[in-house]
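The values are calculated or read from the model by the stated rules, or taken from the named source; none is laboratory data. Remember, predicted model here, so these are calculated numbers, not experimental data. Reconstructed Cβ throughout: ideal geometry from the backbone, glycine too, with neighbour counts over all protein chains shown.
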Amino acid sequence: MAKIVVTGATGTIGNAVCKHLLERGDQPVALSRDPATATSRLPQGVRVQAWPEPQAQTAPLDALDGAQAVIHLLGEPISQRWTEPVKQRIRDSRVLSTRMLTEAIGQLPGDRRPTVLISQSATGYYGPRGGEELDEQANPGDDFLARVVRDWEQEARRAEEHCRVAVMRTGVVLSRSGGALAKMLPFFRAGIGGPVAGGRQYVPWVHIDDVAAAMVHCIEDDGATGPLNVTAPHPVDNAEFSRALGRVLHRPALLPVPTLALKLLYGEMSVIVTTGQRAVPRRLTELGFRFANPEIGAALAQVLSRS
């Protein structure tokens with residue numbers, strides 16, 4: 001039984017990762033600002049330990065001591081209206097918590113350190129790129145999210161002095177319990193969903209089960225280093241995504257959502273909906289990872305069939 005430390009465990013991805021680890025027979029240890037709430041939300045068998053101030057206090061050494069791996073998923077939600085204070089929280093929650101985590105890893109004796117840090121990142125690293133196919137060698141963008149992700153990854157890779165580091169550039173995660181799909185479902189079920197902002201922008205989608213499996217795969221594979229795109233091998237544009245979701249729900253998906261309406265509703269944050277990235281998982285494919293849900297229609301059907 002391997003000890004695996006997970007930050008951000010109560011989030012959509014964190015919860016799925018903990019379940020995956022338990023099914024493998026591992027011992028997930030969740031670091032949380034609120035251990036009581038985390039214990040109530042996480043599957044039975046996850047051990048919870050306090051990390052009260054992740055942006056100002058190094059991670060607890062006794063939690064990291066002897067762990068095989070750390071999976072770092074902590075961060076303020078992106079999907080909210082971006083005021084200047086919110087943008088600062090989005091950045092600090094990622095950059096500062098990662099700094100505090102890597103400093104703690106470096107404080108442990110060499111034979112007690114985790115062998116690998118799996119640090120979540122995002123395809124927002126690339127910025128808006130139209131239909132350009134983007135593997136992990138593509139240059140970063142220069143918008144707000146791209147700058148946040150670049151700084152976030154830099155902090156994670158400071159740990160390369162002490163252990164192997166993989167930064168997982170996750171796309172749009174398909175899950176009923178949170179994220180973009182959960183926000184879209186009420187509109188599509190009401191028959192008022194459709195392509196957004198013309199529908200030509202790519203959606204770097206990925207099924208939640210494949211996200212969890214990819215992160216665990218990268219614990220075991222010593223070749224998993226540096227950036228890895230965690231996106232399905234067949235990205236689709238927003239129009240195709242909308243049609244697939246409409247078919248699964250047996251609803252029309254014809255009503256276009258104009259860019260102006262999204263800007264009025266979400267402000268600057270609307271850029272994550274009106275633009276996208278055609279990211280492809282080149283490194284994961286080279287490492288032999290096999291996606292259980294590679295096609296958008298079947299992936300949506302599988303997610304929505306769950307109780």
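In the stretch 205-239, the residue that is surrounded by the most Cβ atoms within 10 Å (Cβ to Cβ) out of those that are among the charged types (D, E, K, R) and touching a Pro at 6+ places or on another chain (Cβ under 9 Å) is D210.
The set of residues in the stretch 236-248 being out of contact with any helix residue (DSSP H, G or I) (no Cβ under 9 Å at 6 or more places or on another chain) and under 24 Å from Q137 (Cα atoms) consists of D237 alone. Of all residue pairs spaced 6 or more apart or on separate chains, those with beta-carbon atoms under 7 Å, a first member in the stretch 81-107 that is free of Cβ contacts under 8 Å to residues at least 24 places away in the same chain and a second member that is surrounded by fewer than 17 Cβ atoms within 10 Å (Cβ to Cβ) are V86/Q80; R89/E76. Which residue is nearest to L145 (Cα to Cα), if the candidates are limited to the stretch 275-286 and must be in contact with a strand residue (DSSP E or B) (Cβ under 8 Å, 6 or more places away or on another chain) and at pLDDT 95 or above? Filtering first and then ranking leaves Q277. If you go through the stretch 31-74 and keep only what is within 22 Å of the chain's Cα centre (by Cα) and among the β-branched types (V, I, T), you end up with T37, T39, V46, V48, V70, I71. Out of everything in the stretch 256-294 that is surrounded by 21 or more Cβ atoms within 10 Å (Cβ to Cβ) and closer than 18 Å to F187 by Cα, what residue ends up being farthest from the chain's Cα centre (by Cα)? Here the answer is V257.
The residues listed here are E136, E153, E160; of these, the one that is of a type in the set (D, E) and surrounded by 22 or more Cβ atoms within 10 Å (Cβ to Cβ) is E153.
The sole residue among G199, G226 that is at pLDDT 95 or above and on the phi > 0 side of the Ramachandran plot is G226.
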